1. Would you mind calculating the relative contact order of the stretch 3-110 from Cα pairs under 8 angstrom and at least 6 residues apart, reporting the percent as a whole number?
2. Cα-Cα pairs above 22 Å in the chain: how many percent?
3. Could you tell me what percent of the DSSP beta bridges with both partners in the chain are antiparallel, to the nearest 5?
4. Go through the stretch 30-89 and name the trypsin sites (Lys or Arg not before Pro) that are in a DSSP coil and have 11 or fewer other Cβ atoms within 10 Å of their Cβ.
Amino acid sequence: MTRRRDEQIIHRAVVDHIAWRVHPNVWWCHIPNGGRRSKIEAAILRGQGVRPRPPDLLIVADGKAHFLELKADRGRLSQAQRDCHEQLRRAGAEVATAFGLDQPLAQLMRWDLLRGAA
């Protein structure tokens, strides 16, 4: 499989876990910034405040923003992703990159966002 397809499978599995096991009063979403766009659509989105390469998931709990970047086992962060993650951290957010399926679930547990054992 391709790395992109592997990441899609991992992403879906993590989202399924979140939907099933998230603590009450936790809000979360995927940030759909990827994909091909026409030049006009890209310009419109930039004008509306779309920023390059945010992490895949935003989870808010107890007034704190948590961002989780999901990667296939051999995935890597781009420089734009590293820059975005650093800016988020400087703004006070929790940011993590997790590889495969076990790491994201473990990170969500460390952040105390999921109920029960995996």
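1. Normalised by residue count, the contact order of the stretch 3-110 is 29 percent.
2. That tail contains 36 percent of the Cα-Cα pairs.
3. Beta bridges within the chain, antiparallel portion: roughly 60 percent.
4. Of the trypsin sites (Lys or Arg not before Pro), the ones in loops of the stretch 30-89 whose Cβ has at most 11 other Cβ atoms within 10 Å are R36, R74, R76.
Taken together, the values in this text are just the output of simple stated rules run on the coordinates, not laboratory data. This is a predicted model, so every value here is computed, not measured. We place every Cβ from the backbone using ideal geometry, glycine too, and count neighbours over all the protein chains shown.
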